[in-house]
1. Have a look at ARG724, ARG676 and point out the one that is out of contact with any helix residue (DSSP H, G or I) (no Cβ under 6 Å at 6 or more places or on another chain), in contact (Cβ under 8 Å) with a residue 40 or more places away in the chain and over 28 Å from GLU502 (Cα atoms).
2. Quick one: in the range 387-410, which of the residues that are in a helix (DSSP H, G or I) and more than 27 Å from the chain's Cα centre (by Cα) is surrounded by the fewest Cβ atoms within 10 Å (Cβ to Cβ)?
3. Which condition number in (1) more than 23 Å from the chain's Cα centre (by Cα); (2) modelled with pLDDT under 90 is the one that TYR381 fails?
4. With the structure loaded, tell me whether ILE188 is touching an Asp or Glu at 6+ places or on another chain (Cβ under 9 Å) and farther than 16 Å from ASP341 by Cα or whether it fails that test.
5. Out of all the residues in the range 732-758, which are touching a residue at least 60 places away in the same chain (Cβ under 8 Å) and crowded, with 21+ Cβ neighbours inside 10 Å?
6. Check THR270, THR283 and return the single one that is out of contact with any helix residue (DSSP H, G or I) (no Cβ under 6 Å at 6 or more places or on another chain), open to solvent by 40 Å² or more (accessible area, probe 1.4 Å), farther than 14 Å from ASP222 by Cα and of a type in the set (Val, Ile, Thr).
7. Please find, within the range 673-686, the residue that is farthest from the ligand (Cβ to nearest atom) out of those that are of a type outside the set (Val, Ile, Thr) and in contact with a Phe, Trp or Tyr (Cβ under 9 Å, 6 or more places away or on another chain).
8. Out of everything in the range 156-172 that is surrounded by 20 or more Cβ atoms within 10 Å (Cβ to Cβ) and either of a type in the set (S, T, N, Q) or outside any strand (DSSP E or B) (or both), what residue ends up being modelled with the highest pLDDT?
Amino acid sequence: MEYAIKEIARVIGAKTNQLLDDTVSLLLTDSRRLSFPEKSLFFALKTKTNDGHRYIQELYKLRVRNFVVSDMLPEFESMKDANFLIVKDTLRALQKLATHHRKQFNIPVIGITGSNGKTIVKEFLYQLLHNEFNIVRSPRSYNSQLGVPLSVWQMSEKNTLGIFEAGISQPDEMERLQPIIAPTIGIITNIGEAHQENFLSSNQKCMEKLTLFNDCEAIIYDGDDLFIANCIESACLSHKAIAWSRTDSEAPLFIESIDKKEFETIIHCTLLGFNRVVTIPFTDDASIENVIHCMAVMLYLKPTSVNDVTKFLHLEPVAMRLDVKQGINNCLLINDTYNSDINSLDIALDFQQSRRVGKQLKSTLILSDILQSGTLPKSLYKKVADLVRRKKIDRIIGIGRDLKEYASVFEIEKEFYTTTEEFIKSPSFKKFKDELILIKGSRHFHFEQISELLEKKVHETILEVNLDAIVHNFNQYRSKLKPETKMVCMVKAFGYGAGSYELAKTLQEHRCDYLAVAVADEGAELRKEGISIPIIVMNPEFSSFNVLFENHLEPEVYSFRLLDAMIRETERRGITSYPIHIKIDTGMHRLGFQPEDVPAICERLRAQSGVIARSVFSHLAGSDSYVFDDFTHQQLDKFTKAAGELESGLEYKVIKHILNSAGIERFAAYQMDMVRLGIGLYGVSASGQKGLRNVSTLKTTILQIQNVPAGDSIGYSRMSYVKRDSRIAIIPIGYADGLDRHFSNGGGEVLINGQRCPIIGNICMDACMIDVTDIHAQEGDAVIIFGDELPVSELSDKLKTIPYEILTSISPRVKRVYFRE
Ligand SMILES: *Cc1c(COP(=O)(O)O)cnc(C)c1O
């Protein structure tokens, strides 16, 4: 839908100069996501960590002409043909605009809130109701203060039902989301511990969430959840409540029994007095509860939509994330099995582009027909073609009748097939090489067959790395710092074991200022992979100067011997002003100049022009513990003095930095010009900092389960005997993968289906054994060595070491798999 810019200015109450007549239809908040400049209205948002005003010049060059800003910067004056709408708070303006847009539609709108399952319920509802309604819904889990207005903005005349999620992490947030979604039907899924830190109590959080439902006609929830039921009563919303229940046979939706089989669950229920049997293809409690929420909504919204119970059997699991995997012939695969629609295609293409930076990979899209889009195929595929062109995709492989029919709208290298089988059998299927392939298909095209064939087959033990958690942790630390303080992210030792390249790429994308590695070769690897931001090498070797200069890596310089060698090398090569980083030892006694050396350093530097001191730094020996606070303060003082002397001796600005992760947590006042973030980035806090997210999960699968009779021994050297008849699971991870042998014989535990089980017997080189007698486990189940629910610090405590060692000991043969939520 298009809006005149003048109307938008009025709606958001903007101050303006002379406005040029124009219309826009797209809202842009991230400059990197620009696709259609002429139709975009850019909102310059200010967050704790960034400021959209910085990107206006760049966007203007790319032909964007409409901007909502809070600061009218001098450089905007020259952009005479652009409209600037000036408001106090750009996020609020965006929300106001979305609220206005929402008011144009008089259709049922479902608002979903709760701690877990919002996205799943939304996607299940979509699957169950798309034949009855033309549905607009939040893409993925766009449910924040920013995501909600962007989601609601997608509403158009053709829609007959809206489904939007609302997530909050702080008091007062829901109050703002309520008018934007203005739901007519509310669902509250459950209330858990997520985001608890900002609320006084679960009660406050629940009450806050319920404000979403102030103007609803009906509120759907689990009536057996007494906590939610009480909150609904206190919020005076009982008269609208539609509770489903397993215990109250009077409930409009009464669940008589839930019968779990091996692969499916049979639910006997009474719907408005009629008995029904619904079978669903899931057996976990969360999915069952999510489906029941959906049944209750359907019952209220359109009772006949429940008549055909086979739809429930065909429900498909909702993939929540984008995976990047190694493919055959140097290909990278991005698998997106999330419901195929044009919005999620847009997001997936962005992700694909962001993974491509610097790689000599061709970008290929394998796409199926987009089903149930509610748009006529002709205009739908024209839109897709436009998007694919704007996102600079090199090649499209289209699968399905519709795509084949509209093949001509695509103006890039292309191939089309009617079915997935036809494509797999085609000669071109064998020719993938050096490509970054996005695989995106509607479920019934079974694209998993494609990805299975293209995936490189490896060991079943993997380290999963959550790139969103990295970004979250990065921003968590950034929010503790002044906006102008620079950040170095330490990706030494293969990114503390998590893999440096994908991390570096993600950090570069999020505008980290510097990376630091241990040795020059690590830095060279990053350069090869297209990392262009400055990289510091902490332990440069005299033998590696070539690698340093060729890759423009900036060395730490800690001694006169190294300084002189650097100066000689630059002079020999005719290089001037090569950046170096001066390390001062203030008490750690690892590498470094002594503070007394500063005058001599200045003298040497002033006498040459080959190198310049880009920064000066020192390292704290005990920033994580209050026990050493006196010593830390001594170090801080020594450094402040030495760094000041260096700067005045050199007469140019030198970046000063001393804090590591624990330092940022505990001594933020000494952030100076820059900080060096290490372990905190990976989700481990040395000083008990809250709010970090776990990044890495080491997991494997059960290869076999053996029934072992009482009295038998397990493994090498017969170190463990089972006292009772036992079930023993064998998993493919051993000390060669980095599983420390001290965890043998009950020394360590793993997590299977959420339950802890001990390691039994001695850990072997490539495998170990787990006692699963007391839990429900079967062959093929996932086994977590460490992760969200079994923190790496628990493992390091058991071994009397530190998390750093566990993380960096994971063998390179363990495949790293990166994902985004
Ligand atoms: C590794 C390292 C860091 C990061 O330390 P964390 O405790 O992981 O935050 C910072 N500075 C230097 C010099 C380092 O070697």
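The values are calculated or read from the model by the stated rules, or taken from the named source; none is laboratory data. Note that this is a predicted model, so its numbers are computed, not measured. Heads up, the Cβs are rebuilt from the backbone with ideal geometry, glycines too, and the neighbour counts pull from every protein chain shown. Calculation scope for accessible area: heavy atoms of the full protein, side chains included, ligands and nucleic acids excluded. Shrake-Rupley method; radii C 1.70, N 1.55, O 1.52, S 1.80 Å.
1. Values: ARG676 fails: over 28 Å from GLU502 (Cα atoms).
ARG724 is the lone residue from the list that is out of contact with any helix residue (DSSP H, G or I) (no Cβ under 6 Å at 6 or more places or on another chain), in contact (Cβ under 8 Å) with a residue 40 or more places away in the chain and over 28 Å from GLU502 (Cα atoms).
2. Kept after step one, since they are in a helix (DSSP H, G or I), are these residues of the range 387-410: 387-390, 401-405, 407-409.
Now restrict to residues that are more than 27 Å from the chain's Cα centre (by Cα): 401-405, 407-409.
Numbers: ARG401: 12, ASP402: 17, LEU403: 24, LYS404: 14, GLU405: 15, ALA407: 15, SER408: 9, VAL409: 19.
Residue satisfying both the conditions and the ranking: SER408.
3. TYR381 satisfies every listed condition except (2).
4. yes
5. Residues satisfying the conditions are ILE733, ASP737, GLY738.
6. Result of the check over THR270, THR283: THR283.
7. Per the criteria, the residue is MET674.
8. ALA166
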